[in-house]
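Only one structure is covered here, and it is reproduced in the block below.
Since every read-out is calculated from the coordinates, none of them should be taken as a lab result. Given the structure is predicted, the values throughout are model-derived calculations rather than measurements. FYI the Cβ positions are ideal-geometry reconstructions off the backbone, even for glycines, and counts take in every protein chain you see.
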Amino acid sequence: MPGRLPVSADFPSTVKLAIVPPPNTDKPTNALILLHGLGDGHESFAQLGKQMNLPETVCIAIRGPKALLDLEGAHWGDDIIFDSSNGGLDADSGLRESTELIKLLIDDVLIAKCGYTHREVLILAYGQGGMVGLSTALALPQSSNDPTPRELGGVISIGGPLPSEAPAALITKCKNPVLVCGGSSASAVTSTAEEKLKRNFEHIEIKRYRRSGDGMPSNRDEMMPIMQFLARRLKSTKGVPEGSIEVS
């Protein structure tokens, strides 16, 4: 049975978010969590969810839990740290609280209240939000003795590596499928960050833009790997008789 459409009242009152229902009155078979970058807000990612128009997928754009100084934007860090090399804000500023928040929203809201499985929950995120998404995937229990697997449908991080507080390597790699996109140069997804990702995730794709920098996809070629990943990982019940059981 597909999960039900989440409503704002399902979530803690302290969490600011926007819910984008599936198109064409589809039943929500999948839940896609959207996490913005440092200094942005959830509104732009709610618009992204509308533009992607993914079938059978409810998009939930979540705002970072902390205000960014006296600016309008928000951030995901435990602290605000300035990068001494350029005077800007450091995205890698401790993400434990935000990781626990997203984990709680998945387990206590989407799973427990709305009836989704972990396999039906995906994360698409940018920059600092991408770091939180990857960290959340690692934070979910990976024990083979767990009778209910807690592997997400997938995590897409645009310009966000694993945070420094993440393990250098896992003996048993996380099985969550991951796609990480970044610039061909001047990217936060450095060769060192790429190696760390490969030491932690069993199923990892790295896609590089033909341009410098880690901005959001700006054309069809840059968006294509993301849409292909989603096409492989999103589940569908269209054409499946009611009461059918998935056999894996």
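Taking the Cα centre as origin and putting +1 on Lys and Arg beta-carbons and -1 on Asp and Glu beta-carbons, what dipole magnitude results for the range 1-124, to the nearest 20 debye?
Details: 10 positive and 17 negative charges, 121 e Å.
Computed charge dipole of the range 1-124: roughly 580 debye.
Please tell me the relative contact order of the chain in percent, rounded to the nearest whole number, where contacts are Cα pairs under 8 Å and at least six residues apart.
Here the relative contact order equals 16 percent.
Counting only the backbone N, which residues of the range 87-106 are under 15 Å from the spot 7 Å out from the Cα of Lys113 toward its beta-carbon?
In the range 87-106, the label zone of Lys113 (backbone N under 15 Å from the point 7 Å along Cα→Cβ) covers 101-106.
Sorted from fewest to most neighbouring beta carbons within 10 Å, what does the list Arg199, Arg63 look like?
Values: Arg199 15, Arg63 22.
Taking fewest neighbouring Cβ atoms as first place, the list is Arg199, Arg63.
Among 6-17, 51-62, how do they line up by average Cβ neighbours within 10 Å per residue, starting with the highest? Write out the running numbers ahead of the final one.
Values: 6-17: 13.5, 51-62: 20.6.
Ranking, from highest mean packing down: 51-62, 6-17.
Would you mind checking the pairs Lys66/Lys113; Lys175/Lys198; Lys27/Lys235; Lys198/Lys235; Lys27/Lys50 and listing those with alpha carbons more than 21 angstrom apart?
Numbers: Lys66/Lys113 25 Å; Lys175/Lys198 11 Å; Lys27/Lys235 12 Å; Lys198/Lys235 26 Å; Lys27/Lys50 16 Å.
Where the Cα-Cα span goes over 21 Å, the pairs concerned are Lys66/Lys113; Lys198/Lys235.
With a ≥ b ≥ c the root eigenvalues of the C-alpha gyration tensor of the range 8-233, is it rounded (a/c under 1.5), prolate (a/b larger than b/c) or oblate? Working shown, then result.
Working: a/c = 1.25, a/b = 1.17, b/c = 1.07.
Rounded.
How do the peptides 182-190, 24-32, 130-138 rank, highest first, by the average count of neighbouring beta carbon atoms within 10 Å per residue? Numbers along the way, then the final one.
Details: 182-190: 16.4, 24-32: 18.6, 130-138: 27.9.
With the highest mean Cβ count within 10 Å placed first, the list reads 130-138, 24-32, 182-190.
Expressed in nm to one decimal, what extension gain is obtained for the pair Arg232 and Glu72 from 0.36 nm per residue of sequence separation less their Cα-Cα distance? Provide the component values of the computation, followed by the final result.
On the way: separation 160, 0.36 × 160 = 57.60 nm, distance 3.62 nm.
Full extension from Arg232 to Glu72 adds 54.0 nm.
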